[in-house]
Amino acid sequence: MRYGELEISNFDPQSIELWENKHERFYTINITLPEFSCLCPRSGYPDYAEIFVSYVPAAFVVELKALKLYINSFRNRYISHEDSINEIYALLWDKLAPQKLLVRADFNPRGNVHTVIEINSEEQV
């Protein structure tokens, strides 16, 4: 196994690295992850998406390499579009406890179907 494969296979999402937010002001962090991939749980075909994360930090910010490893850990998983994005949102929400969080996934069309999934903390009831 090469070092990148080893890092991804050994990555534990529950121990995702966070850094202290040293700033008291209200600001937004926008992150684009253009190479998300996972496997369709029904067919095994690969699915590809661009993930967009936008959050207003409270006490913590996510370390970007840790986020990259987490996102890359999906590439060999059989998981639906909906489940993958709900899992990403839940992990970031639980670990960061941000003031606001938006996660949007724009999946590449496959079989004449284009899917965009968005979860926004401001729209939760």
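List of remarks:
- Scanning region 97-125 for residues that are over 16 Å from the mean Cα position of the chain (by Cα), within 24 Å of Thr28 (Cβ to Cβ) and of a type outside the set (S, T, N, Q) yields a count of 3.
- Screening Asn120, Asn72 for residues that are touching a helix residue (DSSP H, G or I) at 6+ places or on another chain (Cβ under 7 Å), polar (S, T, N, Q) and surrounded by 13 or more Cβ atoms within 10 Å (Cβ to Cβ) leaves exactly one candidate, Asn72.
- Within region 115-125, considering residues that are farther than 23 Å from His23 by Cα and charged (D, E, K, R), the one modelled with the highest pLDDT: Glu118
- Some residue of region 104-114 being surrounded by fewer than 14 Cβ atoms within 10 Å (Cβ to Cβ), at pLDDT 95 or above and of a type in the set (A, V, I, L, M): no
- Selection within region 84-106 - in contact with a helix residue (DSSP H, G or I) (Cβ under 9 Å, 6 or more places away or on another chain) and among the hydroxyl-bearing types (Ser, Thr, Tyr): Tyr89
- Unique match (being modelled with pLDDT of 95 or more and touching a Leu at 6+ places or on another chain (Cβ under 9 Å)) among Ile85, Ile79: Ile79
- In the condition set (1) without any contact (Cβ under 8 Å) to a residue 12 or more places away in the chain; (2) in contact with a strand residue (DSSP E or B) (Cβ under 8 Å, 6 or more places away or on another chain); (3) of a type outside the set (A, V, I, L, M, F, W, C), Glu87 is compliant with all but (2).
- Whichever residue in region 46-78 is part of a strand (DSSP E or B) and among the β-branched types (Val, Ile, Thr) and, among such residues, is nearest to Phe11 (Cα to Cα): Val62
- Top-ranked residue of region 1-45 - restricted to ones that are of a type in the set (D, E, K, R) and part of a helix (DSSP H, G or I), ranked as surrounded by the most Cβ atoms within 10 Å (Cβ to Cβ): Glu7
The values are calculated or read from the model by the stated rules, or taken from the named source; none is laboratory data. This is a predicted model, so every value here is computed, not measured. Positions of Cβ are generated from backbone atoms using ideal geometry, with glycine treated the same way; all protein chains shown enter the neighbour counts.
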